[in-house]
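Since the structure comes first, as structure tokens, the remarks are kept for the end.
What follows draws every value from the coordinates through simple rules; no lab data is involved. These figures come from a predicted structure and were not determined experimentally. With ideal geometry, Cβ positions are generated from the backbone for all residues, glycine too; neighbour counts draw on all protein chains shown.
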Amino acid sequence: MSDFAIMTVPDFCAADSCMASFKAFLNSPVGPKTTHFWGPVANWGFVIAGLVDMQKPPEMISGNMTAAMCIYSGLFMRFAWMVQPRNYLLLACHASNESVQLYQLSRWAKGQGYLGGEKKDEASSQ
Amino acid sequence: MATSKFQALWNHPAGPKTIHFWAPTFKWGISIANIADSTKPPEKVSYPQQIAVTATGVIWTRYSTVITPKNWNLFSVNVAMAATGIYQLTRKIRHDYFSEEQAAVAKE
């Protein structure tokens, strides 16, 4: 129990300024009390879904959806930059999604034989 | 009269010269891709992706009515996303959990 007492204030950034910046975040115009926060949070679902799907075989990837996502995230990066107020969370989300979806698109294209890989007609075991 | 209305739209702050128009407009591509994929076998549907599409559609449907100005283009596209996402999910769930007898036979 004495260890617990030692681990209080000085361990990470002065507690006061931490609280202050956390409070500033909570009350910011793009913070968790506003819609500008939760919309982008929902869009992180695409990034997580993409990361999970990276473990699956390329035959499971939908070329339509992945290509649509690539264009969608490209446009929304620009949207996040231009919207008022500027939304860095949305920008980060779509930048990440763009990377993940481009990677998935390349896996799909290879699986289809477009990038010089061999076309696999059936789901093959590796 | 017609030209000035057209010009009003053309020069609108959320009009076709701006990203505020094209980003939501292109978001229709996701729903169109989903509709195109609705004929694919359910085994190829991805649970994480469709859950993300549905959740995004539902949350943004709500929030597009709360932002200023209200963006009905964004609203309608997210309604469509939620609808196609739910459709794909029900297809896959039906296939995985409600036709097990068929799946068990097919796997022989």
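Pairs from the table (A:110/B:27; A:33/B:5; A:56/B:27) lying more than 32 angstrom apart at Cα are A:33/B:5.
Could the peptides B:42-50, B:11-19, B:27-35 be put in order, highest first, of the mean number of other beta-carbon atoms found within 10 Å of their residues?
Details: B:42-50: 18.3, B:11-19: 13.1, B:27-35: 20.3.
Answer by packing, highest mean first, reads B:27-35, B:42-50, B:11-19.
Computing FRET efficiency as 1/(1 + (r/R0)^6) for residue A:41 and residue A:14, where r is the C-beta to C-beta distance and R0 is 35 Å, gives about 0.75.
Other protein chain C-beta atoms within 10 Å of residue C-beta, averaged over B:15-28: 4.
Ranked by how many other Cβ atoms sit within 10 Å of their own Cβ, fewest first, the residues A:69, B:81 fall in the order B:81, A:69.
Would you order A:36, A:94 from fewest to most other beta-carbon atoms within 10 Å of each residue's own beta-carbon?
A:36, A:94
With R₀ fixed at 35 Å, the C-beta to C-beta distance from residue A:84 to residue B:96 puts the FRET efficiency at about 0.20. Taking every residue in A:42-49 and counting other chain Cβ atoms within 10 Å of its Cβ, the average works out to 6. Relative to the longest principal Cα axis of chain B, at what angle does helix B:72-97 sit, 0 to 90 degrees, rounded to 10? Once rounded, the angle reads 0 degrees. Between the stretch B:1-64 and the stretch A:23-91, the alpha-carbon centres lie 14 Å apart. Among B:87, B:63, sorting on how many other beta-carbon atoms sit within 10 Å of each Cβ, with the fewest leading, yields B:87, B:63.
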